[in-house]
Amino acid sequence: MTKKIIFTCLLCFGIGVISNAQKLDKFGADFGKKSIMGKEIRVPYTDIVNYFGYIKVGAVPDETRDGKKFYYLYVWIPLVAPEIGIRMISPIPEGMKPAENDFVGADYKGNEGDAKSYFDTWITLERANGILSVDDILKGKTAKWNSYGSNDDSGEMPAQPSGSKYNSLMRITSEVSNPLKALVVGLYRIGFTTYKVGEVQGSFLAQVGAPVKLPGVGISSNLADLMKQVKK
Ligand SMILES: [Ca+2]
């Protein structure tokens, strides 16, 4: 009897460990999505750009909006895309490490071992008004920004270690006839914060996907740095 209980406990513990590990599925596009026998079939994005970041406890936010600490990742999109997908997961799934072409935030290094801190991600995508050339990237400091939307929680994303599905994913289809909703060449930013007012802390992975190749895309938390990346 006791043995049986111990075995059951071990089994539960094992399942608990497995279900708590975040595993990221392929990032599928809206573009070319099909419904077969009631099941959604998505073709994965052709190009995915990764950014590995880390926010230290008490890090100064880029902005405070409605009492929430906002941080930005500036993204240069070098060509017209029919669709862009953005997703963010915190903490970075176990075993995922930056490859050579991936972008890495300044505080990521040295904190790779911190698998405990994470935050309930909330993301938005915006584009700077009138910045169409890489030479104008620094004007992003004073630019007006237009929003393409936001996402708090996505059921497509793995659960966080708490078991809650609080990670974020959004897809934007270019509306060619609407200048504010068209995905054109330019300076974009992913704004991120927590759903509730509180600390944004720990590791996160942000991904930008597109159904076309995006050679020359850059991502940085800093405009001057982004300019260096894309003017190489
Ligand atoms: Ca969330």
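Remarks
- Hits in segment 99-114 (condition: surrounded by 15 or more Cβ atoms within 10 Å (Cβ to Cβ) and over 21 Å from MET227 (Cβ atoms)): ASN111, ASP114
- Residues satisfying the stated conditions in segment 201-210, i.e. surrounded by fewer than 24 Cβ atoms within 10 Å (Cβ to Cβ) and over 24 Å from ARG42 (Cβ atoms): GLN201, GLY202
- Taken over segment 115-144, residues that are closer than 23 Å to LYS228 by Cβ and either within 16 Å of the ligand (Cβ to nearest atom) or crowded, with 17+ Cβ neighbours inside 10 Å (or both) amount to 9.
- Being part of a strand (DSSP E or B) and exposed (fewer than 14 other Cβ atoms within 10 Å of the Cβ) holds for only one residue in GLY163, GLY155, GLY191, GLY149, and it is GLY149.
- Those residues of segment 145-154 which are away from the ligand (no atom under 16 Å from the Cβ) and in contact with a Lys or Arg (Cβ under 8 Å, 6 or more places away or on another chain), in sequence order: TRP145, ASN146, TYR148
- Filtered residue count, segment 33-86, keeping only those that are out of contact with any Pro (no Cβ under 9 Å at 6 or more places or on another chain) and in a loop (DSSP other than H, G, I, E, B): 14
- Applying the set (1) within 18 Å of ILE48 (Cβ to Cβ); (2) at pLDDT 95 or above; (3) under 15 Å from the mean Cα position of the chain (by Cα) to TYR71 leaves exactly one unmet item: (1).
- Hits in segment 141-152 - residues which are touching a residue at least 12 places away in the same chain (Cβ under 8 Å) and farther than 23 Å from ILE41 by Cβ: LYS141, ALA143, LYS144, TRP145, ASN146, SER147, TYR148, GLY149, SER150, ASP152
- Residue pairs whose Cβ atoms lie under 7 Å apart, separated by 6 or more positions or on different chains, with the first residue in segment 107-130 and within 17 Å of SER220 (Cβ to Cβ) and the second in a loop (DSSP other than H, G, I, E, B), are ASP107/LYS56; ALA128/ALA143.
- For beta carbons closer than 7 Å, sequence separation of 6+ or different chains, a first residue in segment 56-68 that is more than 8 Å from VAL200 (Cα to Cα) and a second that is loosely packed, with under 12 Cβ neighbours inside 10 Å and aliphatic (A, V, I, L, M), the qualifying pairs are GLY67/VAL197; LYS68/VAL197.
- Only one of LEU226, LEU183 that is part of a helix (DSSP H, G or I), at pLDDT 95 or above and either within 14 Å of the ligand (Cβ to nearest atom) or surrounded by 21 or more Cβ atoms within 10 Å (Cβ to Cβ) (or both): LEU226
- Segment 166-178: number of residues that are under 22 Å from ASP120 (Cβ atoms) and part of a loop (DSSP other than H, G, I, E, B): 2
- Of the criteria (1) modelled with pLDDT of 95 or more; (2) away from the ligand (no atom under 16 Å from the Cβ), which one MET157 fails: (2)
- Residue check for GLU112: away from the ligand (no atom under 16 Å from the Cβ) and farther than 26 Å from PHE31 by Cβ: yes
- Single unsatisfied condition, SER164 versus (1) touching a strand residue (DSSP E or B) at 6+ places or on another chain (Cβ under 7 Å); (2) modelled with pLDDT of 95 or more: (1)
The values are calculated or read from the model by the stated rules, or taken from the named source; none is laboratory data. Treat the numbers as computed from the prediction; the structure is a model and nothing was measured. Note that each Cβ is placed from the backbone with ideal geometry, even for glycine, and that neighbours are counted across all protein chains shown.
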